Amino acid sequence: MAERGIFVTLEGPEGSGKTTQARLLCDRLEAAGREVLYTREPGGTPTGEAIRNILQHDEAGEDICKETEVLLFAASRAQLVRHVILPALESGKCVICDRFADSTTAYQGFGRGFSVEQMLAINSFAIGPAIPDVTVLLDLDVSAGFTRLKERHEKNGQSPDRIEREAMEFHQRVRDGYLKLAERWPDRFRILNADRPVDLVSEDIWEIVGNVLGR
Ligand code: Z5A
């Protein structure tokens, strides 16, 4: 039987560079001869991508109440864990996930105001044994993140999605919430200052992941 792979999650507020860094990490792991699986939340399975469209683009055409929002994120995650993440880990792959359960605790817990313990219970039901080996928190000032997103939207001709349109206070609670989660689980979280050039952040992530791999 293959040795179990490692499970790395990237978290952080808007525009902190999660996708950029996840891609770079995958490339480096592959260049080092590792088998890698990149995935993202919400999404990553056909069911999850359908849920993503409902959550981000109001595809069902009605206001989504916040209780439904929590459960849709959890449903997408439950599917991703059973169909993609656990099989990949069991076959020895390095799984790099762009947002995971901590996003629900940060956005729906700290952001929307649900009890953190309630979010943790829902997450636990959704993820079962899929607990990340390490979670890299890309920490960035909220306004700096929004400046990056604005530039990206202008370049790609996109408009902000449903959650990006929330008030700055909401996003500030999310950022502060992430830092509280990192304090609560210091063994799993590594906080990085994301307000630095891409390659410097990438080097730090490489070192963190190298330690997990026992290089
Ligand atoms: N959400 C939730 O509420 N609850 C949950 O449980 C889950 C998610 C799982 C998913 O959006 C939304 O769902 C998200 C949280 C919520 N809501 N919002 N708002 P998404 O998947 O579409 O996007 P995201 O996860 O929020 O990613 P992002 O914020 O759009 O971006 P990012 O991945 O952190 O950053 P990026 O795409 O790599 O970079 C953004 C831009 O900055 C881009 O132009 C880069 O070239 C640039 N960039 C990146 N790094 C740097 C550095 N170091 N310097 C300068 N510029 C940089």
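Here are a few things to note about the model shown:
- Dmax and Rg, reported as Rg then Dmax, of the chain (C-alpha, Å): 16.6, 50
- Percent of beta bridges antiparallel (DSSP, the chain, rounded to nearest 5): 0
- Cβ-based net charge around residue 100, under 9 Å, with every Lys or Arg adding one and every Asp or Glu removing one: -2
- Lysine-lysine proximity count for the chain, Cα under 28 Å, sequence distance 8 or more or distinct chains: 8
- Residue 27 paired with residue 170, simple spin-label distance in nm, labels 7 Å along Cα-to-beta-carbon: 3.3
- DSSP H segments from the chain that extend 15 Å or more along their own axis, Cα-based, with Kyte-Doolittle mean of 0.0 or above: 66-80, 116-127, 198-213
- Cβ-based charge dipole, region 7-213, positive-most Cα from 37, 189, 100: 37
- Using Cβ point charges alone (K and R +1, D and E -1), the dipole size of the chain about the Cα centre works out to roughly 300 debye.
Only the coordinates and a few stated rules stand behind these numbers; no lab work does. Note that the structure is a prediction, hence the values are computed from the model and not measured. Every residue, glycine as well, gets a Cβ built from its backbone with ideal geometry; the counts of neighbours run over all protein chains shown.
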